[in-house]
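Below: the structure, in structure tokens.
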Amino acid sequence: MELENMYTSLGISRQVLNFGNKVEESLKGRFRAIDETAEYNQLKVIKAMQDNRVCEAHFAASTGYGYNDFGRDTLEKVYADLFQAESALVRPQLMSGTHALHVALSGNLRPGDEILSPNGKPYDTLEEVIGIRNSTGSLKEYGVSYRQVELLADGSFDFDGIEKAINEKTKIMTIQRSKGYDTRPSFSVKQIGEVIAFAKKIKPELICMVDNCYGEFVETTEPTQAGADMAVGSLIKNPGGGLAPIGGYIVGTQACIDRAAYRLSAPGLGREVGASLGLNQSFFQGLFLAPVVVANALKGAIFAANVYERLGFPVVPNSREERHDIIQSITFGTKEGVIAFCQGIQAAAPVDSFVTPEPWDMPGYDAPVIMAAGAFVQGSSIELSADGPIKEPYAVYFQGGLTWYHAKLGILKSLQKVCDAGIKRY
Ligand SMILES: *Cc1c(COP(=O)(O)O)cnc(C)c1O
């Protein structure tokens, strides 16, 4: 068969392909549900673009100060509508997810305020932003304190603990939708809405911010529709659709977004400055594609969970669980497993497929890390990518895939490498 031969020419054995196809066949129902979410979200994006009369002139580049950049301003209105929020900042000057989160936090906090995390420790890079780990320029240095409430053993919010933690200083509660590289479950928009409603009953003026990274378009609603005052994310993850070459977004209430804008540029300038430098088209077009791209990545994650769970490897989320983000972890239990998996993902890439990733001592990590990414945009994790720290329990974290067919090839290629290396369930 032509298709089989094509897989063979890419180094996938008949045995691996047949196994993969059988797994895929069993996932028809799940894939249909994902397609339905994507269909809804696609229409939602088109509606927001139509309502804001997006036109070709919006793709023009602005330079210098970027005053009167109608394309940028319209893009921000589209984001605000999509998230059912009052306002949005969507900018190439927000350099990454971490930077957007930093701007949202520092713009809305003043000395003496306190941050509360109701889901235990936040994402690694935020530890330094907040000053949980000492860091030059952290919010801690500016007199902002921090408190966290651990999740309960079943991964749910500790409402009693949250009630006790909220005090007269608590200004922002920051909720992380995705588990990131943790082992807890990710939160649904509904769960996020519940914890926000609970906290606001105790303190109505509390600002509730959601780190929305990896969560956009996985469901049909977003956290701002469930009461969040701000939702924040990266454009080289879900909402950039693989086309945005840089950027971040902050959506939310007018007051919160204005304060973030004054922090991003300067007091007095706010959102009026910030040239889009010709990136508007990729931001609009990436957003247009994002619902389908996220669906493709989700299919890849579910496929991987089912492939590796059948072979006896622990996977989080498991093969049947509902998804709230696009991250999948697979525990190999051996260094060789982690390396073979990542080398397989790399070998399936459209870019840099010929390089062999090896573990290396990355700054900021306490163990060597191996990373696989053959991406068009550096570090883009909406593109098929994987990484794993070389330490117990020897798990890889994997996400992305702009197309389902690429995700499928990547996972088959990883399985081929795992099989070729003779790696079995430990
Ligand atoms: C990726 C991520 C971040 C940070 O985003 P960067 O763009 O890597 O700086 C923050 N929080 C979560 C949950 C993430 O997944």
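The values are calculated or read from the model by the stated rules, or taken from the named source; none is laboratory data. On a predicted model such as this, the values are computed, not experimentally measured, just so you know. No Cβ is skipped: glycine too gets one built from the backbone with ideal geometry, and neighbour counts run over all protein chains shown. These area figures cover heavy atoms from the full protein model, side chains too; ligands, DNA and RNA do not enter into them. Shrake-Rupley method; radii C 1.70, N 1.55, O 1.52, S 1.80 Å.
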Among the residues of segment 281-307, the number that are without any contact (Cβ under 8 Å) to a residue 60 or more places away in the chain and either touching a helix residue (DSSP H, G or I) at 6+ places or on another chain (Cβ under 6 Å) or closer than 17 Å to PHE398 by Cα (or both) is 2
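Do we have CYS213 as more than 21 Å from ASP73 (Cα to Cα) and within 11 Å of the ligand (Cβ to nearest atom) here? Steps first, answer last, please.
Details: more than 21 Å from ASP73 (Cα to Cα): yes; within 11 Å of the ligand (Cβ to nearest atom): yes.
Criteria met by CYS213.
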Take the residues of segment 95-116 that are within 12 Å of the ligand (Cβ to nearest atom) and not in a helix (DSSP H, G or I): which is most open to solvent (accessible area, probe 1.4 Å)?
MET95
Helices (runs of 4 or more DSSP H) within segment 1-68 that include 1 or more residues closer than 21 Å to GLU216 by Cα and either of a type outside the set (A, V, I, L, M, F, W, C) or in contact with a Gly (Cβ under 9 Å, 6 or more places away or on another chain) (or both)
28-51
Count - residues of segment 385-426 that are modelled with pLDDT of 95 or more, in a loop (DSSP other than H, G, I, E, B) and open to solvent by less than 30 Å² (accessible area, probe 1.4 Å)
2
For MET49, the lone unmet condition from (1) closer than 30 Å to GLY422 by Cα; (2) open to solvent by less than 40 Å² (accessible area, probe 1.4 Å) is (1)
Scan segment 137-147 and tell me whether some residue there is free of Cβ contacts under 8 Å to residues at least 12 places away in the same chain and closer than 17 Å to ILE175 by Cβ.
no
Only one of (1) more than 30 Å from PHE341 (Cα to Cα); (2) within 16 Å of the ligand (Cβ to nearest atom); (3) open to solvent by less than 10 Å² (accessible area, probe 1.4 Å) is not met by LEU264, so which one is it?
(3)
Can ASP182 be described as under 25 Å from VAL316 (Cβ atoms), crowded, with 19+ Cβ neighbours inside 10 Å, within 10 Å of the ligand (Cβ to nearest atom) and at pLDDT below 95?
yes
Taking only segment 211-250 into account, find how many residues are over 17 Å from PRO92 (Cβ atoms), open to solvent by 20 Å² or more (accessible area, probe 1.4 Å) and not in a helix (DSSP H, G or I).
5
